[in-house]
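Before any comments, here is the structure.
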Amino acid sequence: MPDIRVTRMAKLLVQYSASIKPGDKVLIEAQPVAEPLIRELAKEVLEAGAYPQILLSLSGLVSFTGLDDLFYRHAKGEQLDIIPPFYKLAYETFDSRFRVHSLSNSKALTNVNPDTLSHHRRTVGPITETQFTRGASGAFKWVTTQYPTQSYAQDADMSLEEYEDFLFGACFADLENPVAKWREMGADQEAKVAWLEGHDKVEVRGPNCELTCSIKDRIFKNSCGKHNMPDGEIFTGPVETSMEGWVRFTYPAIYGGAEVDGVELHFEKGRVVKATAKKNEEHLLRLLDTDAGSRYLGEFAIGTNFGIKKFTHNILFDEKIGGSIHMAVGRGYPETGSVNESSIHWDMICDMGGGAEILVDGELFYRDGNFVV
């Protein structure tokens, strides 16, 4: 018998997150270790009257090849320029996709040449573009989640059993009715989003940041388990040329398995004009120079999931930490009004304790990790 939490998770993803309908063509991307959740997902998709297509990867989901570590070490020339045809077809024609991160080695790409990574990410950029554009129109219901593995547990300094408890707890799959909990969180966040509507100037100030930006005519989105699971944030795309000031990110920034620690960014007219890091600064600078949009922000967000109490070196969880903000250099989400285009979207997280504040048009909105409106 499967873990009841796995069964609840599958029902939550199919019935709530993606709202799968009869006739939907559904792609399930995962690694073999996630078989218990893959089976439960496929069963729920079938019971919904839809059609599951399972696509297994042996190492990861970065290159859309199914063999990321081998691909990035051995591919060259035209091999780096080919858009994976099945993924392209699925993202253009399927109705939904579930991506279940379930890596057996989260460090597999750490020593891959960053130029190779950047090159191929530009190549597969159109697939990501299709996900966002079709998703914004409601034509493609994409959901990303994770299955507990030894690798993730080690990254989080936990035993596998501890990590299972952490993961399912963050998704509320340890509750008898997780959907009710997510709907409650969604209603609370919707009130914050409604309050922000029509405002312009945002000031973020505290021990680790002094920033101003504009959200004029931008839309804050209520992220409550429809695209990511776990979830818990409100986010927008700031006006691209408006960010001014500096921020020191208090947690490591991880991209493609490489960890960059002590990141500090300085902005002028929306662009990162200075970037430093205490660890892997060269990797940071290479990614910031990926393309014309990679030095501008595509996202500004506030994390709201207080069930995530620990940094785990996994952005799916870490960006949702209650009492934090995160910003992403690179691609923005069109549904927020963002027009920033890039082949990267790199989230970086900053703790908002220590009396940090967010003011909106001069009115206090958030202080010391909590909303005040």
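Quick note: the coordinates plus some simple rules give every number you see, no bench work behind them. The structure presented is a predicted model; accordingly, all values stated were derived computationally and were not measured. Cβ atoms come from the backbone with ideal geometry, glycine included; neighbour counts cover every protein chain shown.
Assorted remarks:
- Simple Cβ-charge dipole of the stretch 178-327, Lys/Arg +1 and Asp/Glu -1, about Cα centre, in debye nearest 20: 240 debye
- Considering helices alone, the calculated mean residue ellipticity of the chain at 222 nm is -8500 deg cm²/dmol, with DSSP H runs of length four and up weighted by -39500 (n - 2.57) and normalised per residue.
- Take the Cα of R122, step 7 Å toward its Cβ, do the same at A187, and the gap between the two points is 4.9 nm.
- Cross-link check: pairs K107/K192; K216/K309; K141/K279; K226/K279; K25/K216; K221/K310 evaluated at a Cα-Cα cut-off of 26 Å; pairs beyond the cut-off: K107/K192; K216/K309; K141/K279; K226/K279; K25/K216.
- When only alpha carbons of the stretch 170-253 are considered, Rg and Dmax amount to 15.6, 46 Å.
- In order along the stretch 252-267, phi translates into HN-Hα couplings of x, 9, 10, 9, x, x, 8, 9, 10, 10, x, 6, 10, 10, 10, 10 Hz, rounded to whole numbers, per the Karplus curve 6.51 cos²θ - 1.76 cosθ + 1.60 with θ = phi - 60° and x for Gly and Pro.
- The stretch 173-208 and the stretch 242-256: distance between their alpha carbon centers, rounded to Å: 21 Å
- Distribution of pairwise C-alpha distances over the stretch 4-170, 10 Å bins, in %: 10, 35, 35, 18, 1
- Cα-based shape type of the stretch 118-166, given that a ≥ b ≥ c are square roots of the gyration tensor eigenvalues and the cut on a/c is 1.5: oblate
- Residues whose amide H comes within less than 5 Å of that of I54, counting only those at least five positions distant or on another chain, are I28 (H built at 1.01 Å from N in the peptide plane).
- Shape box of the chain [Cα atoms, principal axes, largest first, Å]: 53, 51, 40
- Dipole of the chain, positive direction: furthest Cα of A194, Q79, W182, with charges on the beta-carbon: Q79
- Under the convention that each Lys and Arg Cβ holds +1 and each Asp and Glu Cβ holds -1, the size of the dipole of the stretch 250-373 around its Cα centre is about 180 debye.
- Shape box of the stretch 212-343 [Cα atoms, principal axes, largest first, Å]: 35, 34, 25
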